[in-house]
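The values are calculated or read from the model by the stated rules, or taken from the named source; none is laboratory data. As the structure is a prediction and not an experimental result, all values here were calculated from the model. We place every Cβ from the backbone using ideal geometry, glycine too, and count neighbours over all the protein chains shown.
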Amino acid sequence: MASSLFARASRPAAQCLRQRPLRCIPILSQQRCISAYGYEQAKALILSDYGDPSSVLSLHSHSISPPHGDLMTLRFIASPINPADINQIQGVYPSKPTFTTSLGTAKPIAVAGNEGVAKIINLGDKAKKEGFQKGDWVIMTGPGFGTWRTHASATPSQVFKLDESMREGISPVQAGTVSINPCTAYQMLKGFASLQKGDWFIQNGANSGVGRAAIQLGSEWGYKSINIIREREDKASEEKLKERLKEMGADVVITDAELQSQGIKDQAKEWTNGGRDPIRLALNCVNGKAATAMAKLLDSNAHFVTYGAMSKQPLTIPASMLIFKDIHFHGFWVSRWGQSHPQDKKSAVAEVLEMVRRGKFWDGPADTIQWGRETKGEELIAKVKDTLEGYREGKGVFVFGET
(Lines give C-alpha, C1' and ligand atoms only; values in the text may rest on other atoms or scores of the structure.)
Protein backbone atom coordinates (compact mmCIF):
# COMPACT_ATOMS: atom_id res chain seq x y z
CA MET A 1 0.00 0.00 0.00
CA ALA A 2 2.15 2.88 -1.25
CA SER A 3 -0.20 5.56 0.07
CA SER A 4 -0.52 4.23 3.59
CA LEU A 5 1.48 5.15 6.65
CA PHE A 6 2.97 1.71 6.79
CA ALA A 7 3.64 -0.96 4.19
CA ARG A 8 4.18 -4.69 4.49
CA ALA A 9 4.09 -7.85 2.42
CA SER A 10 4.36 -11.54 3.11
CA ARG A 11 7.70 -13.06 2.19
CA PRO A 12 10.28 -14.55 4.62
CA ALA A 13 13.62 -12.92 5.41
CA ALA A 14 16.70 -13.30 3.28
CA GLN A 15 20.36 -13.98 3.60
CA CYS A 16 23.75 -12.45 4.14
CA LEU A 17 26.51 -14.00 2.04
CA ARG A 18 30.27 -14.41 2.15
CA GLN A 19 32.62 -11.46 2.26
CA ARG A 20 34.22 -9.91 -0.81
CA PRO A 21 37.31 -7.70 -1.30
CA LEU A 22 36.90 -4.22 0.14
CA ARG A 23 37.54 -0.76 -1.20
CA CYS A 24 37.11 2.56 0.62
CA ILE A 25 35.01 5.35 -0.84
CA PRO A 26 35.26 8.92 0.59
CA ILE A 27 31.99 10.10 2.12
CA LEU A 28 31.86 13.63 3.59
CA SER A 29 35.56 13.63 4.45
CA GLN A 30 35.27 10.16 6.04
CA GLN A 31 35.87 6.78 4.46
CA ARG A 32 33.28 4.04 4.39
CA CYS A 33 34.31 0.52 3.42
CA ILE A 34 32.05 -1.39 1.06
CA SER A 35 32.66 -4.38 -1.14
CA ALA A 36 34.00 -3.93 -4.63
CA TYR A 37 31.03 -6.05 -5.70
CA GLY A 38 28.43 -3.95 -3.81
CA TYR A 39 28.39 -6.10 -0.69
CA GLU A 40 27.53 -4.09 2.46
CA GLN A 41 29.88 -4.59 5.38
CA ALA A 42 27.97 -5.08 8.64
CA LYS A 43 28.59 -5.65 12.34
CA ALA A 44 26.22 -7.19 14.88
CA LEU A 45 26.09 -8.08 18.56
CA ILE A 46 25.44 -11.80 18.41
CA LEU A 47 25.05 -14.85 20.64
CA SER A 48 25.53 -18.54 19.88
CA ASP A 49 24.00 -19.70 23.16
CA TYR A 50 21.89 -18.30 25.99
CA GLY A 51 23.43 -16.90 29.14
CA ASP A 52 24.67 -13.75 30.85
CA PRO A 53 25.06 -11.01 28.21
CA SER A 54 28.63 -10.20 29.23
CA SER A 55 29.56 -13.85 28.66
CA VAL A 56 27.64 -14.80 25.51
CA LEU A 57 27.58 -11.59 23.44
CA SER A 58 30.27 -10.80 20.88
CA LEU A 59 30.70 -8.41 17.95
CA HIS A 60 30.53 -10.22 14.61
CA SER A 61 31.50 -8.80 11.21
CA HIS A 62 29.92 -10.07 8.01
CA SER A 63 28.78 -8.92 4.59
CA ILE A 64 25.35 -8.49 3.01
CA SER A 65 24.86 -9.20 -0.68
CA PRO A 66 23.21 -6.61 -2.97
CA PRO A 67 19.42 -6.93 -2.64
CA HIS A 68 17.23 -8.30 -5.40
CA GLY A 69 13.55 -9.21 -5.72
CA ASP A 70 11.78 -8.37 -2.46
CA LEU A 71 15.00 -7.97 -0.47
CA MET A 72 16.00 -4.69 1.16
CA THR A 73 19.26 -3.66 2.82
CA LEU A 74 18.69 -1.69 6.02
CA ARG A 75 21.09 0.56 7.92
CA PHE A 76 20.05 0.90 11.55
CA ILE A 77 19.75 4.38 13.00
CA ALA A 78 18.73 3.76 16.64
CA SER A 79 18.10 0.57 18.65
CA PRO A 80 17.18 0.60 22.36
CA ILE A 81 18.18 -1.85 25.08
CA ASN A 82 15.00 -3.12 26.74
CA PRO A 83 14.69 -5.46 29.75
CA ALA A 84 13.04 -8.02 27.45
CA ASP A 85 16.17 -8.00 25.28
CA ILE A 86 18.26 -8.98 28.30
CA ASN A 87 15.77 -11.71 29.24
CA GLN A 88 15.84 -13.02 25.69
CA ILE A 89 19.65 -13.28 25.74
CA GLN A 90 19.38 -15.12 29.06
CA GLY A 91 16.95 -17.55 27.46
CA VAL A 92 14.09 -16.83 29.88
CA TYR A 93 11.84 -14.79 27.58
CA PRO A 94 8.95 -16.48 25.72
CA SER A 95 10.00 -14.99 22.39
CA LYS A 96 13.24 -16.48 21.08
CA PRO A 97 15.75 -14.93 18.67
CA THR A 98 16.34 -16.50 15.28
CA PHE A 99 19.51 -18.61 15.14
CA THR A 100 21.01 -18.91 11.65
CA THR A 101 24.23 -19.64 9.77
CA SER A 102 23.38 -17.08 7.05
CA LEU A 103 25.70 -14.48 8.60
CA GLY A 104 28.81 -16.40 7.60
CA THR A 105 29.33 -18.64 10.63
CA ALA A 106 29.62 -22.40 10.86
CA LYS A 107 27.60 -22.52 14.08
CA PRO A 108 24.13 -20.93 14.22
CA ILE A 109 24.08 -17.47 15.79
CA ALA A 110 21.37 -14.93 16.62
CA VAL A 111 21.47 -11.13 16.59
CA ALA A 112 20.29 -9.56 19.86
CA GLY A 113 17.72 -6.77 20.18
CA ASN A 114 14.03 -6.52 19.28
CA GLU A 115 13.23 -2.84 18.77
CA GLY A 116 14.70 -0.13 16.58
CA VAL A 117 14.41 2.06 13.51
CA ALA A 118 16.37 1.59 10.32
CA LYS A 119 16.77 3.30 6.95
CA ILE A 120 16.48 1.52 3.62
CA ILE A 121 19.74 2.04 1.69
CA ASN A 122 19.12 -0.40 -1.19
CA LEU A 123 16.27 -2.62 -2.37
CA GLY A 124 15.11 -4.96 -5.10
CA ASP A 125 12.42 -4.34 -7.70
CA LYS A 126 9.69 -6.32 -5.92
CA ALA A 127 10.27 -4.37 -2.71
CA LYS A 128 9.90 -1.15 -4.69
CA LYS A 129 6.54 -2.38 -5.99
CA GLU A 130 5.43 -2.81 -2.37
CA GLY A 131 5.80 0.95 -1.92
CA PHE A 132 9.29 1.09 -0.41
CA GLN A 133 12.15 3.27 -1.61
CA LYS A 134 15.64 4.32 -0.59
CA GLY A 135 15.65 6.60 2.44
CA ASP A 136 12.45 5.20 3.99
CA TRP A 137 12.48 4.67 7.76
CA VAL A 138 11.15 1.33 8.96
CA ILE A 139 10.49 -0.37 12.29
CA MET A 140 10.17 -4.09 12.94
CA THR A 141 6.79 -5.84 12.77
CA GLY A 142 7.59 -8.29 15.56
CA PRO A 143 10.23 -9.55 18.00
CA GLY A 144 13.26 -11.67 17.22
CA PHE A 145 14.51 -9.74 14.17
CA GLY A 146 17.79 -8.69 15.83
CA THR A 147 18.24 -4.92 15.96
CA TRP A 148 21.61 -4.55 17.66
CA ARG A 149 23.48 -4.33 14.38
CA THR A 150 24.63 -1.79 11.86
CA HIS A 151 22.95 -3.33 8.80
CA ALA A 152 20.51 -6.09 7.96
CA SER A 153 18.76 -7.74 5.05
CA ALA A 154 14.95 -7.81 5.29
CA THR A 155 11.75 -8.22 3.31
CA PRO A 156 8.64 -6.00 3.43
CA SER A 157 6.86 -8.53 5.65
CA GLN A 158 9.34 -7.89 8.45
CA VAL A 159 8.96 -4.11 8.69
CA PHE A 160 6.47 -1.25 8.89
CA LYS A 161 7.28 1.85 6.86
CA LEU A 162 6.98 5.21 8.57
CA ASP A 163 5.51 7.67 6.12
CA GLU A 164 7.73 10.70 5.53
CA SER A 165 5.08 13.10 6.82
CA MET A 166 4.90 11.16 10.09
CA ARG A 167 8.68 11.35 10.46
CA GLU A 168 8.62 15.13 10.47
CA GLY A 169 9.84 16.40 13.82
CA ILE A 170 10.59 12.87 15.07
CA SER A 171 14.13 11.97 16.13
CA PRO A 172 15.65 8.53 15.45
CA VAL A 173 15.56 7.75 19.19
CA GLN A 174 11.85 8.61 19.37
CA ALA A 175 11.04 6.50 16.31
CA GLY A 176 13.22 3.64 17.52
CA THR A 177 11.49 3.35 20.91
CA VAL A 178 7.83 3.70 19.91
CA SER A 179 6.82 0.11 19.21
CA ILE A 180 7.04 -1.64 22.61
CA ASN A 181 6.41 0.42 25.77
CA PRO A 182 4.01 2.99 24.27
CA CYS A 183 2.13 0.30 22.32
CA THR A 184 1.83 -1.84 25.46
CA ALA A 185 0.24 1.02 27.39
CA TYR A 186 -1.92 2.01 24.43
CA GLN A 187 -3.57 -1.36 23.98
CA MET A 188 -4.04 -2.08 27.69
CA LEU A 189 -5.87 1.22 28.10
CA LYS A 190 -7.92 0.77 24.93
CA GLY A 191 -8.50 -2.96 24.70
CA PHE A 192 -10.07 -4.16 27.95
CA ALA A 193 -12.32 -1.81 29.93
CA SER A 194 -13.70 0.60 27.27
CA LEU A 195 -12.77 3.61 29.38
CA GLN A 196 -14.47 6.93 28.76
CA LYS A 197 -13.39 10.46 29.68
CA GLY A 198 -13.38 10.85 33.45
CA ASP A 199 -12.98 7.11 34.14
CA TRP A 200 -10.27 5.90 36.53
CA PHE A 201 -7.52 3.32 36.15
CA ILE A 202 -4.85 2.25 38.62
CA GLN A 203 -1.38 0.90 37.89
CA ASN A 204 1.80 -0.23 39.61
CA GLY A 205 5.26 0.19 38.10
CA ALA A 206 4.17 3.74 37.33
CA ASN A 207 7.73 4.96 36.74
CA SER A 208 8.49 2.24 34.19
CA GLY A 209 8.46 2.97 30.48
CA VAL A 210 4.99 1.45 30.16
CA GLY A 211 3.81 3.24 33.30
CA ARG A 212 4.90 6.68 32.07
CA ALA A 213 3.32 5.95 28.69
CA ALA A 214 0.01 4.98 30.34
CA ILE A 215 0.00 8.20 32.39
CA GLN A 216 0.51 10.38 29.33
CA LEU A 217 -1.86 8.51 27.04
CA GLY A 218 -4.53 8.36 29.73
CA SER A 219 -4.20 12.07 30.42
CA GLU A 220 -4.46 12.86 26.71
CA TRP A 221 -7.65 10.79 26.45
CA GLY A 222 -9.21 12.27 29.59
CA TYR A 223 -8.74 9.27 31.91
CA LYS A 224 -7.81 9.70 35.56
CA SER A 225 -5.11 7.59 37.17
CA ILE A 226 -3.84 6.29 40.51
CA ASN A 227 -0.17 5.44 40.17
CA ILE A 228 1.91 3.25 42.47
CA ILE A 229 5.70 3.50 42.73
CA ARG A 230 8.23 1.62 44.83
CA GLU A 231 8.90 3.15 48.24
CA ARG A 232 12.34 4.78 48.52
CA GLU A 233 14.59 5.35 51.52
CA ASP A 234 15.40 8.81 50.18
CA LYS A 235 12.08 10.58 50.78
CA ALA A 236 13.18 13.71 48.96
CA SER A 237 13.85 11.60 45.86
CA GLU A 238 10.50 9.87 46.33
CA GLU A 239 8.61 13.17 46.47
CA LYS A 240 10.51 14.46 43.45
CA LEU A 241 9.46 11.38 41.48
CA LYS A 242 5.84 11.81 42.55
CA GLU A 243 5.87 15.40 41.31
CA ARG A 244 7.49 14.40 38.04
CA LEU A 245 4.76 11.83 37.33
CA LYS A 246 2.07 14.38 38.20
CA GLU A 247 3.64 16.79 35.72
CA MET A 248 3.21 14.06 33.10
CA GLY A 249 -0.51 13.85 33.89
CA ALA A 250 -0.84 11.50 36.88
CA ASP A 251 -3.75 12.42 39.18
CA VAL A 252 -2.62 10.46 42.25
CA VAL A 253 0.82 8.95 43.01
CA ILE A 254 1.41 6.74 46.06
CA THR A 255 4.01 4.19 47.14
CA ASP A 256 3.48 0.44 47.42
CA ALA A 257 3.72 0.84 51.20
CA GLU A 258 0.97 3.47 51.17
CA LEU A 259 -1.14 1.19 49.00
CA GLN A 260 -0.98 -1.55 51.65
CA SER A 261 -1.57 0.75 54.64
CA GLN A 262 -4.77 0.90 56.67
CA GLY A 263 -7.29 3.41 55.42
CA ILE A 264 -6.33 3.13 51.77
CA LYS A 265 -9.93 2.33 50.77
CA ASP A 266 -11.13 5.53 52.44
CA GLN A 267 -8.45 7.49 50.63
CA ALA A 268 -9.47 5.94 47.34
CA LYS A 269 -13.04 7.07 47.97
CA GLU A 270 -11.81 10.63 48.50
CA TRP A 271 -9.95 10.56 45.21
CA THR A 272 -12.89 9.12 43.28
CA ASN A 273 -15.71 11.46 44.26
CA GLY A 274 -16.72 9.56 47.37
CA GLY A 275 -16.41 6.28 45.52
CA ARG A 276 -19.07 7.28 42.99
CA ASP A 277 -16.51 7.25 40.17
CA PRO A 278 -15.42 3.61 39.90
CA ILE A 279 -11.89 2.38 39.24
CA ARG A 280 -12.53 0.19 36.23
CA LEU A 281 -9.06 -0.94 35.14
CA ALA A 282 -5.80 -2.05 36.79
CA LEU A 283 -2.44 -2.50 35.05
CA ASN A 284 -0.05 -4.84 36.83
CA CYS A 285 3.65 -5.49 36.16
CA VAL A 286 4.72 -6.28 39.73
CA ASN A 287 2.61 -9.12 41.26
CA GLY A 288 2.88 -10.09 44.94
CA LYS A 289 0.89 -8.65 47.84
CA ALA A 290 0.93 -5.11 46.46
CA ALA A 291 -0.81 -6.26 43.28
CA THR A 292 -3.52 -7.99 45.34
CA ALA A 293 -3.96 -4.78 47.35
CA MET A 294 -4.37 -2.88 44.09
CA ALA A 295 -7.04 -5.30 42.88
CA LYS A 296 -9.05 -4.74 46.08
CA LEU A 297 -9.61 -1.11 45.05
CA LEU A 298 -11.33 -2.08 41.82
CA ASP A 299 -15.06 -1.77 41.29
CA SER A 300 -17.23 -4.75 40.39
CA ASN A 301 -16.88 -5.95 36.79
CA ALA A 302 -13.53 -4.17 36.47
CA HIS A 303 -10.57 -5.52 34.49
CA PHE A 304 -7.16 -6.42 35.91
CA VAL A 305 -4.43 -6.75 33.26
CA THR A 306 -1.05 -8.32 34.04
CA TYR A 307 1.84 -7.65 31.65
CA GLY A 308 4.88 -8.31 33.86
CA ALA A 309 6.12 -9.82 37.11
CA MET A 310 8.93 -7.60 38.36
CA SER A 311 8.76 -8.89 41.93
CA LYS A 312 9.09 -12.50 40.69
CA GLN A 313 6.27 -13.33 43.09
CA PRO A 314 2.97 -15.03 42.20
CA LEU A 315 -0.28 -13.17 41.74
CA THR A 316 -2.76 -14.27 44.39
CA ILE A 317 -6.42 -13.75 43.53
CA PRO A 318 -8.97 -14.02 46.38
CA ALA A 319 -11.99 -16.04 45.34
CA SER A 320 -14.31 -13.23 46.45
CA MET A 321 -12.99 -11.03 43.64
CA LEU A 322 -14.07 -13.63 41.14
CA ILE A 323 -17.34 -14.70 42.73
CA PHE A 324 -18.82 -11.53 44.22
CA LYS A 325 -17.11 -8.70 42.34
CA ASP A 326 -16.74 -10.52 39.01
CA ILE A 327 -13.38 -8.87 38.32
CA HIS A 328 -11.92 -10.02 35.02
CA PHE A 329 -8.24 -11.01 35.08
CA HIS A 330 -6.25 -10.90 31.85
CA GLY A 331 -2.68 -11.33 30.65
CA PHE A 332 -1.19 -9.14 27.95
CA TRP A 333 1.92 -9.60 25.80
CA VAL A 334 2.52 -6.82 23.30
CA SER A 335 4.50 -9.07 20.92
CA ARG A 336 1.58 -11.47 20.44
CA TRP A 337 -0.90 -8.61 20.13
CA GLY A 338 1.21 -6.81 17.52
CA GLN A 339 1.56 -9.91 15.37
CA SER A 340 -2.14 -10.81 15.68
CA HIS A 341 -3.42 -7.27 15.16
CA PRO A 342 -0.95 -5.46 12.87
CA GLN A 343 -3.43 -2.77 11.85
CA ASP A 344 -4.12 -1.91 15.49
CA LYS A 345 -0.38 -1.66 16.14
CA LYS A 346 -0.02 0.66 13.15
CA SER A 347 -2.73 2.89 14.57
CA ALA A 348 -1.07 2.93 17.98
CA VAL A 349 2.33 3.86 16.53
CA ALA A 350 0.78 6.61 14.41
CA GLU A 351 -1.11 8.14 17.33
CA VAL A 352 1.87 8.05 19.69
CA LEU A 353 4.16 9.65 17.11
CA GLU A 354 1.59 12.39 16.56
CA MET A 355 1.55 13.02 20.32
CA VAL A 356 5.35 13.15 20.32
CA ARG A 357 5.28 15.73 17.55
CA ARG A 358 2.83 17.89 19.49
CA GLY A 359 4.93 17.65 22.64
CA LYS A 360 2.28 15.57 24.42
CA PHE A 361 4.36 12.43 24.87
CA TRP A 362 7.83 11.84 26.35
CA ASP A 363 9.28 8.36 26.76
CA GLY A 364 11.71 9.29 29.52
CA PRO A 365 15.42 10.06 29.43
CA ALA A 366 17.63 8.29 26.91
CA ASP A 367 21.27 7.40 27.46
CA THR A 368 22.56 7.36 23.89
CA ILE A 369 25.36 4.89 23.16
CA GLN A 370 27.36 5.84 20.09
CA TRP A 371 28.14 2.94 17.74
CA GLY A 372 30.64 3.96 15.07
CA ARG A 373 33.20 2.35 12.83
CA GLU A 374 35.87 2.23 15.54
CA THR A 375 33.60 1.17 18.40
CA LYS A 376 34.86 -2.03 20.02
CA GLY A 377 32.66 -4.96 20.90
CA GLU A 378 33.67 -4.86 24.56
CA GLU A 379 32.49 -1.24 24.77
CA LEU A 380 29.03 -2.16 23.47
CA ILE A 381 28.75 -5.23 25.68
CA ALA A 382 29.73 -3.16 28.72
CA LYS A 383 26.81 -0.82 27.98
CA VAL A 384 24.44 -3.78 27.84
CA LYS A 385 25.83 -4.94 31.19
CA ASP A 386 25.20 -1.46 32.63
CA THR A 387 21.53 -1.82 31.72
CA LEU A 388 21.37 -5.26 33.32
CA GLU A 389 22.87 -3.91 36.55
CA GLY A 390 20.83 -0.70 36.57
CA TYR A 391 23.76 1.72 36.16
CA ARG A 392 21.90 4.15 33.94
CA GLU A 393 19.67 7.17 34.41
CA GLY A 394 17.70 6.62 31.21
CA LYS A 395 17.03 3.90 28.67
CA GLY A 396 20.16 2.85 26.80
CA VAL A 397 19.84 3.39 23.05
CA PHE A 398 22.44 2.45 20.45
CA VAL A 399 22.76 5.37 18.02
CA PHE A 400 24.62 4.46 14.84
CA GLY A 401 27.12 6.68 13.09
CA GLU A 402 29.20 5.86 10.00
CA THR A 403 30.07 2.18 10.26
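Looking at Gly211, is it over 21 Å from Pro83 (Cα atoms), assigned by TED's automatic domain parsing to the domain that holds Lys296 and at pLDDT 95 or above? Taking the combined requirement at face value, the residue does not satisfy it.
Among residues of the stretch 291-306 that are in contact (Cβ under 8 Å) with a residue 40 or more places away in the chain and hydrophobic (A, V, I, L, M, F, W, C), those with a beta-carbon under 9 Å from a residue that is surrounded by fewer than 17 Cβ atoms within 10 Å (Cβ to Cβ) and in a helix (DSSP H, G or I) at least six positions away or on a different chain give the pairs Leu297/Ile264; Leu297/Lys265. Selection within the stretch 326-347: residues that are out of contact with any Gly (no Cβ under 7 Å at 6 or more places or on another chain) and farther than 22 Å from Phe304 by Cβ. The member of this set that is surrounded by the fewest Cβ atoms within 10 Å (Cβ to Cβ) is Gln343.
To keep it simple, each residue is scored yes or no on (1) touching a Pro at 6+ places or on another chain (Cβ under 8 Å); (2) part of a strand (DSSP E or B); (3) under 30 Å from Gly249 (Cα atoms).
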| position | (1), (2), (3) |
| --- | --- |
| Asp344 | no, no, yes |
| Ser347 | no, no, yes |
| Val352 | yes, no, yes |
| Met355 | no, no, yes |
| Lys360 | no, no, yes |
| Asp363 | yes, no, yes |
| Gln370 | no, yes, no |
| Glu378 | no, no, no |
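Only a single criterion out of (1) under 19 Å from Gly275 (Cβ atoms); (2) part of a loop (DSSP other than H, G, I, E, B); (3) of a type in the set (Gly, Ala, Ser); (4) under 26 Å from the mean Cα position of the chain (by Cα) is not satisfied by Ser261, namely (4). If I filter the stretch 305-322 for residues that are farther than 23 Å from Ser79 by Cβ, assigned by TED's automatic domain parsing to the domain that holds Phe201, aromatic (Phe, Trp, Tyr) and surrounded by 14 or more Cβ atoms within 10 Å (Cβ to Cβ), do I get at least one hit? For the stretch 305-322, residues farther than 23 Å from Ser79 by Cβ, assigned by TED's automatic domain parsing to the domain that holds Phe201, aromatic (Phe, Trp, Tyr) and surrounded by 14 or more Cβ atoms within 10 Å (Cβ to Cβ): absent. On the stretch given as the stretch 216-230, residues that are part of a helix (DSSP H, G or I) and either outside the structural domain of Asn287 (by TED's automatic domain parsing) or touching a residue at least 40 places away in the same chain (Cβ under 8 Å) (or both) total 3. Taking the numbered list (1) free of Cβ contacts under 8 Å to residues at least 24 places away in the same chain; (2) among the small types (Gly, Ala, Ser); (3) under 17 Å from Met188 (Cα atoms) in turn, Ser261 passes all entries but (3). Taking the stretch 63-83 as the range and being surrounded by fewer than 24 Cβ atoms within 10 Å (Cβ to Cβ), under 27 Å from the mean Cα position of the chain (by Cα), not in a loop (DSSP other than H, G, I, E, B) and not hydrophobic (A, V, I, L, M, F, W, C) as the test, the residues that pass are Arg75, Pro83. The listed residues are Gly390, Gly396, and the only one of them that is at pLDDT below 95, out of contact with any strand residue (DSSP E or B) (no Cβ under 7 Å at 6 or more places or on another chain) and within 18 Å of Val210 (Cα to Cα) turns out to be Gly390.
Taken as a whole, the structure places Glu270 among residues that are over 26 Å from Ala348 (Cα atoms), assigned by TED's automatic domain parsing to the domain that holds Ser300, part of a helix (DSSP H, G or I) and at pLDDT 95 or above.
When you look at Ala282, is it assigned to a loop (DSSP other than H, G, I, E, B), closer than 19 Å to Asn227 by Cα and small (Gly, Ala, Ser), yes or no? No; evaluated as a whole, the condition is false for this residue. Tell me yes or no: at least one residue of the stretch 300-314 is among the charged types (D, E, K, R) and over 18 Å from Ser208 (Cβ atoms). No, there is no match, as no residue in the stretch 300-314 is among the charged types (D, E, K, R) and over 18 Å from Ser208 (Cβ atoms). Out of the residues in the stretch 265-277 meeting the condition of being touching a residue at least 24 places away in the same chain (Cβ under 8 Å) and crowded, with 16+ Cβ neighbours inside 10 Å, tell me which one is nearest to Ile317 (Cα to Cα). Ranking the qualifying residues of the stretch 265-277, first place goes to Ala268. When we screen Ala213, Ala193, Ala185 for residues that are in contact with a Pro (Cβ under 6 Å, 6 or more places away or on another chain) and either outside any strand (DSSP E or B) or farther than 24 Å from Gly288 by Cα (or both), the only hit is Ala213.
Annotation note: of Lys240, Lys235, the sole residue that is at pLDDT 95 or above and farther than 25 Å from Tyr307 by Cα is Lys240.
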